[in-house]
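Below you'll find the structure, written out as structure tokens, and then a few comments.
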Amino acid sequence: MRAGEPGTIVPAAHDEAVGVDGLAGEGAEPPPHEAVLAQIPAAMATRATRREDRGFKGGMETSTSRRAVECFVYRSSVAMEDLSAPAPAASSPSPAPRPWVREGILICLGLKALLLFLGVVIAEVRLDRPFRTTEEVLSIWHQWDSRHYFDIAENGYKKPGEGTTLVLPPLLPMLIRAASWITGSVMSGGVLVATLISFLPGLLMYQLARCDLDEENAFRAMLVLLLFPSSFFIHIVYTEGLFLTTVLGAFLAARRGRWKTAAVFGLLAGLTRINAFVLAPALLIEAWGESPRGRVGRLLAAVTVGIGIAVYLWINYVTAGDPLAFLTVQRVSFYRTFAWPWEGAMNVWSLSSYGGSNGTMNGVLQLVCIPLLLAACVIAVVRQRPSYAVWTIGQVLIFTAQGFWLSLPRLAIVLFPAFVWLAPRTARPVFGTLWFAASTLFLSFLAGQFAQGWWVS
């Protein structure tokens, strides 16, 4: 019989090689560690000793039983140590980076197609005439300010008594004129410029949001911008897309420490809109930084927006003999004068009380923006960077420090810090669903109004 089979007498000399598994024949384990053996109760050892004189066979059985108990205690302690030890982390491949550039471009293209289709359908139904040729379809979106940009690109600026073009800075008309040399007409040149530029705000919004948010929430910030109710202006010949591109590019370059790039974007912003001057104090805060090394160069790069504005004022001087001639045009033709914000709010409230199309579009919609603008200012001051707070408050004051408020829904699209803050909140199922639903509905409504030829402010 083999050692370990029932009834087999194992010589004492072989006790050291017999473990618990030795009783089954195979898989013998090494004897327990001496430190573990020392922990066996003394009473167990005493009882085993008293039975040693019961004979060779009885002693051997006692010894085998004692060994089995000892091995059981040893293996139990090892098992407890294994349970108490932290489980090794499961090795899983890291997720691939999100193709945000491709997704952003596809979303932008999809929105363009939907807006184009929506405009044609609404225009044909409401105006009761066909829009089937390319020129007719594009004319749906070439209204209001777009016509002035085409006029500047083709004929240059006009004196205050001859037109109102001096209220529009020169960068967008310059780009349209340059593109027309390629396409053959200012209208097709404007379409080309607006189409190419429209992809940039969303992509820059994502990259800037990534400075503060993770990948998923940065993507949500891009969606908040692209689905904002007045975001259809990004896709047409208006300055919204170009201004957002220059401003977001300047902030992104400043956040990454690329101040030469920030200087270029700042200059272009000054050539795009007069309210770009708020960019200077915002970038000065970023330029000051913690390190004095290179501070002078950063500060100089932060104020290049003034060069762009100076060029615009020079155009006013050459055209009308007054560098501030655009203010006169705004006062005479658009009834825009400087006033305390609450004066403009009271005038808008009075208009909204009349109801109807004018009261709703130029009254109610402006009033709806009041709590949103105030919330954006408070959030920027309390939760965001000082440069973001300066930009947000400065823009809101420019929008509202007028005797009568105009175009608040359209102008508010430049308040990108609010989009950065809002993005993580849209991850909540209820709030996110309601926000994007409301935003998309108002986007469709405002785009439809514009396609019919109504003034959308």
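The values are calculated or read from the model by the stated rules, or taken from the named source; none is laboratory data. Quantities reported herein were computed from a predicted structural model and do not represent experimental measurements. Cβ sites come from the backbone with ideal geometry, for glycine too, and all protein chains shown count toward neighbours.
Worth pointing out:
Yes/no matrix, rows are residues, columns are (1) in a helix (DSSP H, G or I); (2) closer than 23 Å to residue 174 by Cα; (3) out of contact with any strand residue (DSSP E or B) (no Cβ under 8 Å at 6 or more places or on another chain):
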{"site": "269", "(1), (2), (3)": "yes, yes, yes"}
{"site": "281", "(1), (2), (3)": "yes, no, yes"}
{"site": "290", "(1), (2), (3)": "no, no, yes"}
{"site": "298", "(1), (2), (3)": "yes, no, yes"}
{"site": "319", "(1), (2), (3)": "yes, yes, yes"}
{"site": "326", "(1), (2), (3)": "yes, yes, yes"}
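- The criterion of at least 2 residues that are in contact with a strand residue (DSSP E or B) (Cβ under 7 Å, 6 or more places away or on another chain) and hydrophobic (A, V, I, L, M, F, W, C) is met by none of the helices (runs of 4 or more DSSP H) falling completely within the range 347-418.
- Only one of 249, 202 that is in contact with a Cys (Cβ under 8 Å, 6 or more places away or on another chain), modelled with pLDDT of 95 or more and either among the acidic types (Asp, Glu) or buried (at least 21 other Cβ atoms within 10 Å of the Cβ) (or both): 202
- Considering only residues in the range 307-359 that are farther than 26 Å from residue 453 by Cβ and among the β-branched types (Val, Ile, Thr), the one that is surrounded by the most Cβ atoms within 10 Å (Cβ to Cβ) turns out to be 309.
- Filter pass, residue 287 being over 14 Å from residue 254 (Cβ atoms) and either out of contact with any Cys (no Cβ under 7 Å at 6 or more places or on another chain) or of a type in the set (A, V, I, L, M, F, W, C) (or both): no
- Unique residue being on the phi < 0 side of the Ramachandran plot, more than 24 Å from the chain's Cα centre (by Cα) and modelled with pLDDT of 95 or more when the list is 417, 323: 323
- Remark: pairs (first residue in the range 308-325, of a type in the set (A, V, I, L, M); second residue loosely packed, with under 15 Cβ neighbours inside 10 Å; Cβ separation under 7 Å; 6+ apart in sequence or on different chains) = 320/159.
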